[in-house]
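Before any comments, here is the structure.
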């Protein structure tokens, strides 16, 4: 920053924020050394904007996937600290896995919240919200802030803090989407007409 530039000026504040963002490392965000080494090996030199915003708020997670329900049930019986699941699979375990419950839940993380709600998981999400403790931290991650996400935000969160890195891809209010059923024998012709 130039000596004569005021730190409180808009350009000075932008420059300071940009410099701060550039110098942030995963270690600065509180990521453990082992994970920092893994990031280096993967070629992830610095965190993204959303990681800079979100990691300090949610310092740790363990992700396990691609295993069958029975194996997951056995893992859940060991009372893990973190469970990551699709809404449907989580409901399945709540209803069918003996001894599994969410009474001690401290953090609820919903990634791709807009897509989860658009895939008609609203019923499952409502069921989950009814059985989890009210005293928890909830993290909603969404590429777009749709009306369904805003509704979920109002219903599921208290004292929400919004971290936004860009409003460039905000859902347009006047956007209208349509679908058309076309017999398969006319599919190629119709697709060709769309490309013109």
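Throughout, read-outs are computed from the coordinates displayed, never taken from laboratory work. Computed from a prediction, not measured in an experiment: that's the story for all the values here. Using ideal geometry, Cβ is built from the backbone for each residue, glycine included, and neighbour counts are taken over all protein chains shown.
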Open item on the list: If I model a spin label at residue 158 and residue 127 as a point 7 Å from the Cα along the Cα→Cβ vector, what separation in nanometres do I get?
Closed with: 2.6
Task: At R0 = 35 Å, FRET efficiency that the Cβ-Cβ distance of residue 134 and residue 41 yields, to 0.05 - done: 0.30
TODO: Along Cα→Cβ, 7 Å out, is where each label goes; now give me the distance between the ones at residue 190 and residue 68 in nm to one decimal.
DONE: 4.0
Task: Spacing of the two label points (7 Å from each Cα toward its C-beta) at residue 112 and residue 86, in nm - done: 0.9
